[in-house]
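Take a look at the structure set out below.
The values are calculated or read from the model by the stated rules, or taken from the named source; none is laboratory data. As the structure is a prediction and not an experimental result, all values here were calculated from the model. Neighbour counts run over all protein chains shown; Cβ positions are idealised from the backbone, glycine included. Side chains are part of the model used for accessible areas, which takes the heavy atoms of the whole protein and leaves out ligands, DNA and RNA. Shrake-Rupley method; radii C 1.70, N 1.55, O 1.52, S 1.80 Å.
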Amino acid sequence: MKKYLLYFILSIVPFLFMFSGSGMDSAGFVNIVIIFAQHISIYIIALIIVLPFKPNTPFLVAIALDFPLFYLLHILQIKFNNLHDNGLGILVYIFSLFGLGLGLLIAGIIYKKMQLRSNMLKSFLTATFIPLVGFIINYIVMCNTLAYCGCLSFLK
């Protein structure tokens, strides 16, 4: 039970950093509640995907760190390619979360088949790099079909 509490605490930390300096009025509070519900729903869906595999704590910590890390990669890609995000950039990120979810499913299967419950480092790395591969593959597909992403849009 403690590992799931740690998972949800780690999932709330990026949200707190996002809104640490924002002003608070009644309309702002409603917006923050709505954004928090959207933010936490991604983590709940990820937990539902891996829950049948009975993940250990490092596996869950890696999943909780995946989302801010991959969002940071998305932001760095926009900045590196000197792109002006007109609102479509977030769609590329959101649609690429399907690849991350598929990567989580594959990571859970590998975690279960290889019996990584006792090996903390391997379970952490499995939950980090396999979803990363799924995210990047889906991100490249989105960049070549949905939006222009600079150097990642090589099919256009």
### Query
Can you tell me which residues in the range 38-73 are over 18 Å from VAL133 (Cα atoms), of a type outside the set (D, E, K, R) and either free of Cβ contacts under 8 Å to residues at least 24 places away in the same chain or open to solvent by 60 Å² or more (accessible area, probe 1.4 Å) (or both)?
GLN38, SER41, ILE44, ILE45, ILE48, LEU51, PRO52
#### Entry: Of all residues in the range 146-155 being out of contact with any Leu (no Cβ under 8 Å at 6 or more places or on another chain) and part of a helix (DSSP H, G or I), the one that is surrounded by the most Cβ atoms within 10 Å (Cβ to Cβ)
LEU152
### Criterion: more than 22 Å from HIS39 (Cα to Cα) and in contact with a Gly (Cβ under 6 Å, 6 or more places away or on another chain) - qualifying residue of ILE137, ILE109, ILE78
ILE137
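This table checks each residue for (1) in a helix (DSSP H, G or I); (2) open to solvent by 70 Å² or more (accessible area, probe 1.4 Å); (3) more than 18 Å from PHE70 (Cβ to Cβ).
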position: LEU102; (1), (2), (3): yes, yes, no
position: ALA107; (1), (2), (3): yes, no, no
position: ILE110; (1), (2), (3): yes, no, yes
position: ARG117; (1), (2), (3): no, yes, yes
position: ILE130; (1), (2), (3): yes, no, no
position: PHE135; (1), (2), (3): yes, no, no
position: CYS143; (1), (2), (3): yes, no, no
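Which of the following residues is open to solvent by 80 Å² or more (accessible area, probe 1.4 Å) and either among the acidic types (Asp, Glu) or farther than 21 Å from LYS3 by Cβ (or both): LEU83, LEU76? Before you say what the answer is, go through the steps one by one.
Details: LEU83 fails: open to solvent by 80 Å² or more (accessible area, probe 1.4 Å).
Just one listed residue meets the conditions, LEU76.
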### Query
Yes or no: VAL30 loosely packed, with under 14 Cβ neighbours inside 10 Å and at pLDDT 80 or above?
no
